[in-house]
Amino acid sequence: MIGLLTLSAQLLLAPTFCGSVDLVPDGGFYRPPPPPPPILDWVPQKPGDQGNSGRPPKGAKPATPGTPTTPAPQTPGRVGQTRAPRGVQGGVTVGIDGSTWTFWWEYNRSAFLLPRLLEAQPDVEAISGENLIGRGARKEKVRVRRPGPGDAKRIADALRAQLIARQSDYQMRSSCLLSLAKTGVATLRDLAPHLADAHPVVRESAILALGISGHGEEELHAILEGDQEGTRLCGGQTPRYRERSLAGYALGLVASGSTDLALKRRVLASTIDHATDPRERFDVRVAALHAIRILDLPADARTERKRQREVLQSLALDGKPGRTLLIRVQAITALRGPLATQGLARERLEREMARQLLSSESPAVVRQSLAQTLGFLSEPEDLDVTKALMQTVLGDKDELARRYAMMALGRIGGEQAQDFLLSGIRAQRPRNAEYAWLALALALSCQEVRSDGTLAYAKPRPGIGEALHDRFRSLNSRMPAAGVAIALGLLRYTDAVDDIEERLTRWQKQDEPAAYLALSLGLMRNLPSAERITSMLEHAGHREIIAIQTSLALSLLGDTKAEDMLLSMLEMQQTTPVLSALAMSVGRLGSRNSIDVLIDRLGHEEGTATSRAFMAVALGELLIQDRLRWNARLSWGIHYRFSPETLTGNNGVLDLL
């Protein structure tokens, strides 16, 4: 959906990539496309279902019309998932190594970015020397007009007009639906009619728009069930598995944003039925699992909270081989929401999860998921968990389990975990790639966890910044050094600025490391770097990853001087990943000055349909600067390498903005 964009093109453009993938404009970064899950046993489908997450019966036809499995090479997307892009044909052919640190960063970075982007908003003092380690930075104060309630109505009216305009193609309709949902003024009457659109991408966008806006519980239930009413809503077509899965996620969003306990109970009952039904296809079961996870049941709903926990726990601890493995892995991930505040139940489960983490009988993907989830559940005082994670780092044969255990230790934090990670940074390791993971884990351990789950800057203890700086200087491997630079940026260790800029000069023709080095300077809030980063963006051309990361870096610096340049590039660019990054940056900088320009250009036929669709995306982004993205909580700690396509990889909910 142009509104539905695979994130993290920076990962998609490394020189080692190979394979065919896809891309859909969505106005943002690019979510790294992980390898597809292993083929699972085929299971019977409910009536009306089309397609399967596993291997279909011999001779079965592809089950998802409009979702070709072998298109021509596409713009960047996901390895192994060669779905036709949402509206953009042509591009490059790439492949991905999903075990790199960049994948973890792209799936989890929203937790770090929101507090920093809010701090960078340019109607306040741009930066304070008190928040820096090492060399200070100058202070600036600029004023811009921020979008207000009246602007939301004006933007919504412009988007509604495009939805009914005869010349609007499916890209524009898809973008307008999702942006309209973000305005906060969309109604059920605005969105529900598009459930019957002739194009499947627009139908999917309408389903998600209902979830984002908090409307349409009855409609979403009908589509999830795939019943007669769901068929009527979808224009007489039986809801496909993608539409049913997205309806499951959308129901979770509706319930999460509501204070109506009766509504939450209805959603809980329905999603439990689908999550526990062994006849249901994997995509729908996983959607139901994560809907259960994000319900946000109130503390006094004890019966419902107990049922929620019991269902997820039974699926997470299900050790049956074969087709239940995907469900088990995703249920482990889903457990952390309901258990985060449930004292004794959490402690008992932590002990069992730590035992399974160290068991040689646990499959590697289960150990990976256990490590991540323990990081979210545990506290520094949970020494048995910390010890189990350390043992995993030191002794697990699976590379990704070791690396996820490092990140879990960083999320738990505390002196013992930090000492362990510091010793790893200072030691000589056989693989340079591990230094980036250790550095990011250390930076994670120094963040302040806010009530919404985001991670704000907190001054680290002495010695951490120095140790990371020393390791950065010792590394000649480009991407491990870039990962350490990102960690230094999160710590705002400005004593490393000169060394980072020297590497940026040395590696300026190496797109991926140069892009992340520029981003580290933005994270560091080093305002003197703004001119250099602006020049990199201006001359990026078709170097997508440079454009993506430098535009984000300028947003982190709150550089309002770049606004006119971004708007001009948004109109003239033809490369989809670059358009995506530009639209998001216009949204992040948050000036009302952009609204008139975007609305005016939205209705013109000049430029490409894709660039105009991204203008619709930018209008929606202007109104959500102070909020977490609608899918952010789903992405943190997700097992992105073992998931169905409707969660991530083939324009799933985590790939969309």
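The values are calculated or read from the model by the stated rules, or taken from the named source; none is laboratory data. Predicted, not measured: the structure shown is a model, and the values here were computed from it. Glycine gets a Cβ as well: all are built from the backbone with ideal geometry, and neighbour counts include every protein chain shown. Heads up: the accessible areas ignore ligands, DNA and RNA and are worked out on the full protein's heavy atoms, side chains in. Shrake-Rupley method; radii C 1.70, N 1.55, O 1.52, S 1.80 Å.
Looking at Leu554, Leu582, which one is in contact with a Phe, Trp or Tyr (Cβ under 8 Å, 6 or more places away or on another chain), at pLDDT 85 or above and closer than 21 Å to Thr534 by Cα?
That would be Leu582, the only listed residue that is in contact with a Phe, Trp or Tyr (Cβ under 8 Å, 6 or more places away or on another chain), at pLDDT 85 or above and closer than 21 Å to Thr534 by Cα.
As an exercise: evaluate Ile212 against (1) assigned to a helix (DSSP H, G or I); (2) in contact (Cβ under 8 Å) with a residue 60 or more places away in the chain; (3) open to solvent by 10 Å² or more (accessible area, probe 1.4 Å); (4) farther than 27 Å from Pro149 by Cα and give the number of the one condition it does not meet.
(4)
What residue, among those in the range 540-570 that are of a type in the set (Val, Ile, Thr) and in contact (Cβ under 8 Å) with a residue 60 or more places away in the chain, is nearest to Val597 (Cα to Cα)?
Among those residues, the one meeting the criterion is Thr560.
Please work out which one of (1) open to solvent by 10 Å² or more (accessible area, probe 1.4 Å); (2) more than 30 Å from Ser611 (Cβ to Cβ); (3) touching an Asp or Glu at 6+ places or on another chain (Cβ under 7 Å); (4) of a type outside the set (D, E, K, R) is the condition Ser258 fails and give its number.
The number of the failed condition is (3).
Evaluate the following for Gln508: is it more than 26 Å from the chain's Cα centre (by Cα), under 20 Å from Leu552 (Cβ atoms) and not hydrophobic (A, V, I, L, M, F, W, C)?
Considered against the rule, which asks whether it is more than 26 Å from the chain's Cα centre (by Cα), under 20 Å from Leu552 (Cβ atoms) and not hydrophobic (A, V, I, L, M, F, W, C), Gln508 comes out as yes.
What do you reckon, is Thr238 of a type in the set (Val, Ile, Thr), under 29 Å from Ala198 (Cα atoms) and crowded, with 17+ Cβ neighbours inside 10 Å?
no
How about the range 191-244: which of its residues are of a type in the set (S, T, N, Q) and within 28 Å of the chain's Cα centre (by Cα)?
Ser205, Ser213
So for the range 476-495 (the condition being open to solvent by less than 10 Å² (accessible area, probe 1.4 Å), over 28 Å from the mean Cα position of the chain (by Cα) and not hydroxyl-bearing (Ser, Thr, Tyr)), does at least one residue qualify?
Taking every residue of the range 476-495 in turn, none turns out to be open to solvent by less than 10 Å² (accessible area, probe 1.4 Å), over 28 Å from the mean Cα position of the chain (by Cα) and not hydroxyl-bearing (Ser, Thr, Tyr).
Could you tell me which of the residues Arg266, Arg281, Arg302, Arg309 is open to solvent by 10 Å² or more (accessible area, probe 1.4 Å), under 25 Å from Pro363 (Cα atoms) and not hydroxyl-bearing (Ser, Thr, Tyr)?
Arg309 is the lone residue from the list that is open to solvent by 10 Å² or more (accessible area, probe 1.4 Å), under 25 Å from Pro363 (Cα atoms) and not hydroxyl-bearing (Ser, Thr, Tyr).
Is there any pair with a first residue in the range 517-539 that is assigned to a helix (DSSP H, G or I) and surrounded by fewer than 23 Cβ atoms within 10 Å (Cβ to Cβ) and a second that is acidic (Asp, Glu) and modelled with pLDDT under 95 whose Cβ atoms are under 8 Å apart and which are 6 or more apart or on different chains, and what are they?
Between residues of the range 517-539 that are assigned to a helix (DSSP H, G or I) and surrounded by fewer than 23 Cβ atoms within 10 Å (Cβ to Cβ) and residues that are acidic (Asp, Glu) and modelled with pLDDT under 95, the close pairs are Leu527/Glu140; Ala530/Asp559; Thr534/Asp559.
Return yes or no: is Ser591 modelled with pLDDT under 85, of a type in the set (Ser, Thr, Tyr) and in a loop (DSSP other than H, G, I, E, B)?
Yes; evaluated as a whole, the condition is true for this residue.
Would you pick out the residues in the range 414-457 that are buried (at least 20 other Cβ atoms within 10 Å of the Cβ) and in contact with a Pro (Cβ under 6 Å, 6 or more places away or on another chain)?
Within the range 414-457, Tyr435, Ala436, Cys446, Thr454 meet the criteria.
Do the conditions hold for Arg323, that is, is it in a helix (DSSP H, G or I) and either of a type in the set (Ser, Thr, Tyr) or modelled with pLDDT of 90 or more (or both)?
Answer is no for this residue.
Considering the range 589-605 alone, what residues qualify as being without any contact (Cβ under 8 Å) to a residue 24 or more places away in the chain and more than 15 Å from Asp157 (Cβ to Cβ)?
His604
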